[in-house]
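**Q** Questions regarding the structure given below will be posed in turn.
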Amino acid sequence: MYDFIDLDRIDLSAEAPSKEPERQYYFMAKLREFVAREGNRLGRKLTACVVTFGCQMNAKDSEKLSGILKKTGYVLTDDENADFVIYNTCTVRDNANQKVYGRLGVLNGYKKKNPAMKIALCGCMTQEKTVIEKLRESYPFVDLVFGTHNLFTFAELAYRANQEKKMVVDVWEGTDRIVEDLPSERKYPFKSGVNIMFGCNNFCSYCIVPYVRGRERSRDAKEILREIERLVEDGVVEVMLLGQNVNSYGKNLENGISFAQLLREVEKIEGLKRIRFMTSHPKDLSDELIQVMKESKKICRHLHLPLQSGSTKILQAMNRRYTKEQYLALAEKIRQEIPDVALTTDIIVGFPGETREDVQDTIDVIQKVRYDNAFTFIYSKRTGTPAAAMEQVPEDQVHEEFDKVLKCVQDTARMRVKRYEGQVMEALVEEINEGSNSAEALRELNAGPDEILLTGRLSNNTIVHFPGRADQVGTLVMVKLEECRGFYYLGRIVSGK
Ligand code: SF4
């Protein structure tokens, strides 16, 4: 963890500074004092658990929450029966909210046994007004609720929640602020997500993100490069540049640079081996970006290009601002310029007004583009979005059509992924595979007695499992792709650390 400000040097007898992030470090020092005192009173260290729902943006935010809790003396745990539990929520589909409400009941059970326990909620769900009302009415045992726009004030709010007896609620409508240099506790020592921008201006008619994450605001390129340099110094070899639509990067900045130019700058960072990014909207993916990917030695050969629907009629109703033909032409151009690129996508089935013919258009695009993989979703009505007011498609029809789309995706992807069989490719070793089939896989691969099963990720985002040693986790190795197993491979290291 990078130390920006030394808490020991903060004068707690003075007023809290108004400038950020100094103000938050002041409250981190205050909170640390409280945590130490409570620990002495209880004769043990206080524990904290951060639970992440949803996307990689949320996972990155959770690393900041964990960083602040750790810096203030909490011991991080995965056990939700802890002294401080925070749910970093998602609201992209309705069932995400229901899941959180269900789990809050369990937390209340723990709190009955540990009354000093603090329960907090943040993330996209808390930006919905109806949710705040429901929490006040039905979940009064929750101590702290804050939103996506003021996550940086977590230290101050966590301190207040430990002082005040009633629920602390602080959810902002929006913000134009980006506060840098807060502690962050990375999940993986060798790879990291890096936010390049926040919010979204696209207002796809089914999507709640612009209402809960606000308007687009890009981070200063210098801050992004500084963060990545620090990460590389700290052992990171791969970064994932994160934004709801990275193609819009820099548009709100004075003298801003384009996303493609930012990639060129990131590429120059010594010691960084791999660059990934997510998510690119097809409406403004530039030729410049395709060129930068083509020429790059570090940008991974994987592009996630959400289609959502193959029907131009539905794309218009979704406010996606491209047609079926434009999407197909873009995919074709990318394939021509970067032949070894793996294309993946997101598809929604059941959007209001969607007919069986519209789904046939989606299937037609899948067959023409032949994705390496796709995330297929059943449309989820989100209150407050324009699509929620449209006439919904009958559920049985949706499920029937969804199964057709899923089958088509799996059939084409299986064929695509198989094309790498027998090749030797570079994999980043991401973890030790302790899955139930690991022993059998080791047998099939005639692994040595001291070898364990490792899981790695190829540049094209395909997963491969192979025998190796624990100290190879976090390193890049060359793997022979012995056998394709549908969407992943079994392989053998041919060279590496
Ligand atoms: S681009 Fe569309 S789907 Fe993606 S976050 Fe923005 S509004 Fe939502």
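The values are calculated or read from the model by the stated rules, or taken from the named source; none is laboratory data. These numbers come from a predicted model, not from an experiment. Glycine also receives a Cβ, built like all others from the backbone with ideal geometry; neighbour counts cover every protein chain displayed. All accessible areas refer to the heavy atoms of the entire protein, side chains included, with ligands and DNA or RNA removed. Shrake-Rupley method; radii C 1.70, N 1.55, O 1.52, S 1.80 Å.
**Q** Quick one: in the range 7-25, which of the residues that are part of a helix (DSSP H, G or I) and more than 29 Å from the chain's Cα centre (by Cα) is farthest from LEU69 (Cα to Cα)? Please lay out each step first, then the result.
**A** Going through the range 7-25, the residues part of a helix (DSSP H, G or I) turn out to be 7-9, 22-25.
Now drop any that are not more than 29 Å from the chain's Cα centre (by Cα), which leaves 7-9.
Details: LEU7: 13, ASP8: 16, ARG9: 19 Å.
Only one residue tops the list, namely ARG9.
**Q** Please return the ranges of strands (runs of 3 or more DSSP E) entirely within the range 112-172 where 1 or more residues are buried (at least 23 other Cβ atoms within 10 Å of the Cβ).
**A** Details: elements: 118-123, 144-146, 168-170.
Output list reads 118-123, 144-146.
**Q** ILE178 - would you say it is in a loop (DSSP other than H, G, I, E, B), over 30 Å from THR475 (Cα atoms) and at pLDDT 95 or above?
**A** Answer is no for this residue.
**Q** Here's a follow-up. Test of understanding: among ASP411, ASP450, which residue is under 28 Å from THR376 (Cα atoms) and either without any contact (Cβ under 8 Å) to a residue 12 or more places away in the chain or out of contact with any Leu (no Cβ under 7 Å at 6 or more places or on another chain) (or both)?
**A** Values: ASP450 fails: under 28 Å from THR376 (Cα atoms).
Selected residue: ASP411, the only one of ASP411, ASP450 that is under 28 Å from THR376 (Cα atoms) and either without any contact (Cβ under 8 Å) to a residue 12 or more places away in the chain or out of contact with any Leu (no Cβ under 7 Å at 6 or more places or on another chain) (or both).
**Q** Test of understanding: among ALA36, ALA48, which residue is more than 15 Å from the chain's Cα centre (by Cα) and crowded, with 24+ Cβ neighbours inside 10 Å? Give the derivation first.
**A** Working: ALA36 fails: crowded, with 24+ Cβ neighbours inside 10 Å.
Every option except ALA48 fails the conditions.
**Q** Can I ask one more? Can you name every residue in the range 387-435 that is among the β-branched types (Val, Ile, Thr) and in contact with a helix residue (DSSP H, G or I) (Cβ under 9 Å, 6 or more places away or on another chain)? Outline the logic, then answer.
**A** Of all residues in the range 387-435, those among the β-branched types (Val, Ile, Thr) come to 393, 398, 405, 409, 412, 417, 424, 429, 432.
The answer is VAL393, VAL405, VAL409, THR412, VAL429, ILE432.
**Q** Kindly evaluate MET415 against the criterion of being out of contact with any strand residue (DSSP E or B) (no Cβ under 8 Å at 6 or more places or on another chain), among the aliphatic types (A, V, I, L, M) and outside the structural domain of ARG274 (by TED's automatic domain parsing). Before you say what the answer is, go through the steps one by one.
**A** Working: out of contact with any strand residue (DSSP E or B) (no Cβ under 8 Å at 6 or more places or on another chain): yes; among the aliphatic types (A, V, I, L, M): yes; outside the structural domain of ARG274 (by TED's automatic domain parsing): yes.
So MET415 fits the description; yes.
**Q** Could you tell me how many of the residues in the range 209-241 are outside any helix (DSSP H, G or I), surrounded by 22 or more Cβ atoms within 10 Å (Cβ to Cβ) and within 16 Å of the ligand (Cβ to nearest atom)?
**A** 2
**Q** Residues of the range 193-208 being open to solvent by less than 20 Å² (accessible area, probe 1.4 Å) and within 9 Å of the ligand (Cβ to nearest atom), which ones?
**A** Residues satisfying the conditions are GLY199, CYS200, ASN202, CYS204, SER205, ILE208.
**Q** Also, quick follow-up: Is there a residue in the range 387-398 that is surrounded by fewer than 16 Cβ atoms within 10 Å (Cβ to Cβ), within 16 Å of the ligand (Cβ to nearest atom), assigned to a helix (DSSP H, G or I) and not acidic (Asp, Glu)?
**A** yes
**Q** Go over the candidates GLY474, GLY468 one by one and state the one that is under 20 Å from HIS302 (Cβ atoms), modelled with pLDDT of 95 or more, small (Gly, Ala, Ser) and surrounded by 16 or more Cβ atoms within 10 Å (Cβ to Cβ). Explain how you work it out, then say what you get.
**A** Working: GLY468 fails: under 20 Å from HIS302 (Cβ atoms).
So the residue among GLY474, GLY468 that is under 20 Å from HIS302 (Cβ atoms), modelled with pLDDT of 95 or more, small (Gly, Ala, Ser) and surrounded by 16 or more Cβ atoms within 10 Å (Cβ to Cβ) is GLY474.
**Q** Say whether the condition of being at pLDDT below 95 and either of a type outside the set (Asp, Glu) or in the same structural domain as PHE27 (by TED's automatic domain parsing) (or both) is met by at least one residue in the range 56-69.
**A** The initial filter retains those residues of the range 56-69 that are at pLDDT below 95, namely 56-57.
Applying the additional criterion that residues be either of a type outside the set (Asp, Glu) or in the same structural domain as PHE27 (by TED's automatic domain parsing) (or both) yields 56-57.
Yes; the residues of the range 56-69 include at least one that is at pLDDT below 95 and either of a type outside the set (Asp, Glu) or in the same structural domain as PHE27 (by TED's automatic domain parsing) (or both).
**Q** What are the residues in the range 243-263 that are away from the ligand (no atom under 16 Å from the Cβ), in contact (Cβ under 8 Å) with a residue 60 or more places away in the chain and either part of a loop (DSSP other than H, G, I, E, B) or surrounded by fewer than 21 Cβ atoms within 10 Å (Cβ to Cβ) (or both), if any?
**A** Answer for the range 243-263, where residues must be away from the ligand (no atom under 16 Å from the Cβ), in contact (Cβ under 8 Å) with a residue 60 or more places away in the chain and either part of a loop (DSSP other than H, G, I, E, B) or surrounded by fewer than 21 Cβ atoms within 10 Å (Cβ to Cβ) (or both): there is none.
**Q** Does at least one position in the range 294-315 carry a residue that is within 22 Å of SER205 (Cβ to Cβ), of a type in the set (Lys, Arg) and either surrounded by fewer than 22 Cβ atoms within 10 Å (Cβ to Cβ) or at pLDDT 95 or above (or both)?
**A** If we filter the range 294-315 for residues that are within 22 Å of SER205 (Cβ to Cβ), which is where we start, we get 304-315.
So of that shortlist, the ones also of a type in the set (Lys, Arg) come out as 313.
If we keep only those that are either surrounded by fewer than 22 Cβ atoms within 10 Å (Cβ to Cβ) or at pLDDT 95 or above (or both) too, we end up with 313.
Within the range 294-315, one or more residues are within 22 Å of SER205 (Cβ to Cβ), of a type in the set (Lys, Arg) and either surrounded by fewer than 22 Cβ atoms within 10 Å (Cβ to Cβ) or at pLDDT 95 or above (or both).
**Q** Mind listing whichever residues of the range 59-108 are among the aromatic types (Phe, Trp, Tyr) and under 20 Å from VAL169 (Cβ atoms)? Reasoning before the result, please.
**A** Applying the first criterion (among the aromatic types (Phe, Trp, Tyr)) to the range 59-108 yields 74, 84, 87, 101.
If the condition is that a residue be among the aromatic types (Phe, Trp, Tyr) and under 20 Å from VAL169 (Cβ atoms), then PHE84, TYR87, TYR101 are the ones that fit.
**Q** In this structure, is ARG320 closer than 22 Å to MET57 by Cβ, within 25 Å of the chain's Cα centre (by Cα), touching a residue at least 60 places away in the same chain (Cβ under 8 Å) and assigned by TED's automatic domain parsing to the domain that holds GLU227? Please lay out each step first, then the result.
**A** On the way: closer than 22 Å to MET57 by Cβ: yes; within 25 Å of the chain's Cα centre (by Cα): yes; touching a residue at least 60 places away in the same chain (Cβ under 8 Å): yes; assigned by TED's automatic domain parsing to the domain that holds GLU227: no.
When the stated conditions are applied, ARG320 does not pass them.
**Q** On to the next question. Of the conditions (1) more than 19 Å from CYS204 (Cα to Cα); (2) open to solvent by 10 Å² or more (accessible area, probe 1.4 Å), GLN326 clears all except one; give me its number.
**A** Here GLN326 meets the rest and fails (1).
**Q** Tell me, please, whether a residue that is farther than 30 Å from ARG382 by Cα, free of Cβ contacts under 8 Å to residues at least 24 places away in the same chain and among the charged types (D, E, K, R) can be found in the range 301-308.
**A** Taking every residue of the range 301-308 in turn, none turns out to be farther than 30 Å from ARG382 by Cα, free of Cβ contacts under 8 Å to residues at least 24 places away in the same chain and among the charged types (D, E, K, R).
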